[in-house]
Structure formats: C-alpha cells, structure tokens
Amino acid sequence: MKMTRALSILTTGIALSVASAAVMAQNIVVGGKNFTEQQIMAAMTAQLLKAKGFNVDVKAGMGSAVLRQAQESGQIDVYWEYTGTSLITYNKFTEKLSPADNYKKVKELDAAKGLVWLNPSKANNTYSLAMNADDAKKHGIVTISDLANKVKGGTKLNLASNAEFYARPDGLKPLEQMYGFEFARDNVKRMDTGLVYQALKEKQVDVGLVFATDGRVPAFNFVVLKDDKGYFPAYAMTPVVRKQTLDANPKLADILNALSAKLDDATMSRLNASVDVEKKTVEDVAQTFLKKEGLI
C-alpha cells in the first residue's frame, strides 16, 4: 500500500515537472522587418526569451505589411513595431497626436485586433530628411522649411528615398504639401533604404530619407533637418504581442518591458552603427548588449 502510494506521488511529481517544463518551453515565434534595427531587435528578443526558458523561432527580414498580416493571422507572436506605422499605415488614422496620445490610440485600436502593445521604448525611429553637414552649411539649410525655400527659389536639389516612403500615405507627397514645395519628378531617386545612405555619403544626391536612429547618420557626418512643422509622427519602437500568446505566457510582458526600458535613440544609433559601420554580426551585437545590461 505504501509502495503504491509512493509510486503515485512520484508519478504525480514527474507529471507536474513535465507540465512545468512544457509551460517554460512554450514556442514563441519572433518576427522582424528587413532592415538593421529590426534584425537586431529580432535577434535580441530571441536570445532574451531563450535565456528565460522559451523555445524560439525567428522569422526576420520580412516586409512591413507582410509581417503585420502574419501577426494578425497568428503566424508571428511578437515583434517590435513603431507607433506611427501601425497608427497610420495599418489603422488608417491620420489625425495629428502627441507622442503619448499616439501610443494610447494605437494601443486601443490594435487591442480590437487581438494585439497588445507593451511599454514603449524611448527610441523614436521616425523618418527624417538628412544632408551632408558641409552641404547643409553651404546652402544655409537647417530645417525642412529652409529646404523648401531653396527648392522653391530654384536651387536644384535631388532626393533619395525608398519606394515605400515615396508612395505611403504619410510619405513624400503629403510632406511636400505641408511645406509648400515639390521636388521635380526627375530629382527624386527611388532606391533601397540601405543605398540611400551610400548615395548621400558619396554626394550622388543632395538630400536623403533616413531613419532617426540609424547609426550611419552620425558616422557619415550627416545632419538631420529639423522638422519644424511637425510633419513626421512619433515612431516609438514597442514590443507588440498577440493577446492569445500573452495570456498563455504572462511573463512575456515583464521580460520584454525590461528590454524596452533600456532602449533610446542614442542606444539604437550605437547598436545600428555596430552592424552597419563596424560590420559586427547582428547576433554578436544583440548578445553583447543583453549581457552588458544584465538582461541575460
């Protein structure tokens, strides 16, 4: 009788241990877009979750719209999205809001789609227009209004932009309308995002569309033109998790919020430069940062 009871207790204990291990080993699919910052965040998230006991699959290098669809359909559990992108591109919300209200609104709208926005980081990877510092000084251009006045005054300046910004609803045309100018059609060069930086560095173009947290901006001696009319919305980088996934793994919130709290513009610029300028691997950059910050 005692032996039977002991075996029962042992069996129950083993079952509980297996169940506990199964909970800790939930499979989480981490997504990422197809540019350096997103590749770093996908790698960092995957390494962090693995260190916390989760099984992780990574699907990085995806287009923005495809990644969002994949998350809404349940193929991606978590990735880092930008408040402005979701608000304008996915939710078609065009009202100008403060950064704080941007976050509140997108959190509310995406909750209806089964997506949970966790704590936003201080990294605001908004679009920006940049010039080589010496060229900007020569032309007396500090703000986008200065740029607009030069173009309207007949100064021939050309712009390098990725195809997405050229066409998107918060893209080039509405920017030109707000500032009251227009680049001649032949003076807009559409190219991959990565090539924009090289073209600007080599002075093949005068103005380039860049991301505010890109490490190549300071490394290549670019100057970001001040958005003096406040055209570009806030693009606070934030972990977004499927509600179903978060309900099954509530510890994800604390884990990802702890990482989010470590990120700001300067940090992301430095991490991005480590890959794009210093040519370190995404995986090494992610691991070094996580260890340095005591997250793993």
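Scanning the stretch 169-187 for residues that are surrounded by 16 or more Cβ atoms within 10 Å (Cβ to Cβ), of a type in the set (A, V, I, L, M, F, W, C) and in a loop (DSSP other than H, G, I, E, B) yields a count of 2. Of the residues making up the stretch 74-96, none is surrounded by fewer than 12 Cβ atoms within 10 Å (Cβ to Cβ) and at pLDDT 95 or above. Identification of helices (runs of 4 or more DSSP H) wholly contained in the stretch 188-288 with 2 or more residues that are buried (at least 16 other Cβ atoms within 10 Å of the Cβ) and of a type in the set (G, A, S) yields 265-276. The set of residues from the stretch 225-242 being at pLDDT 95 or above, under 19 Å from the mean Cα position of the chain (by Cα) and not hydroxyl-bearing (S, T, Y) comprises A236, M237, P239, V240, V241, R242. Would you check if there is a residue in the stretch 112-119 being surrounded by 16 or more Cβ atoms within 10 Å (Cβ to Cβ), among the basic types (K, R) and touching a helix residue (DSSP H, G or I) at 6+ places or on another chain (Cβ under 7 Å)? Scanning the stretch 112-119 turns up no residue that is surrounded by 16 or more Cβ atoms within 10 Å (Cβ to Cβ), among the basic types (K, R) and touching a helix residue (DSSP H, G or I) at 6+ places or on another chain (Cβ under 7 Å). Of the residues making up the stretch 26-57, those that are in contact with a helix residue (DSSP H, G or I) (Cβ under 8 Å, 6 or more places away or on another chain) and farther than 16 Å from V240 by Cβ are Q26, F35, T36, Q39, I40, A43, Q47, A51, K52, G53, F54, V56. So which residues in the stretch 276-296 are modelled with pLDDT under 95 and of a type in the set (A, V, I, L, M)? The one that is modelled with pLDDT under 95 and of a type in the set (A, V, I, L, M): V277. Among residues of the stretch 150-166 that are assigned to a helix (DSSP H, G or I), those with a Cβ under 7 angstrom from a residue that is not hydrophobic (A, V, I, L, M, F, W, C), sequence gap 6+ or separate chain, pair up as K150/H139; A163/R190; F165/Y127; F165/G171; Y166/R190.
The values are calculated or read from the model by the stated rules, or taken from the named source; none is laboratory data. This is a predicted model, so every value here is computed, not measured. Every residue, glycine among them, receives a Cβ derived from its backbone with ideal geometry; neighbour counts consider all protein chains shown.
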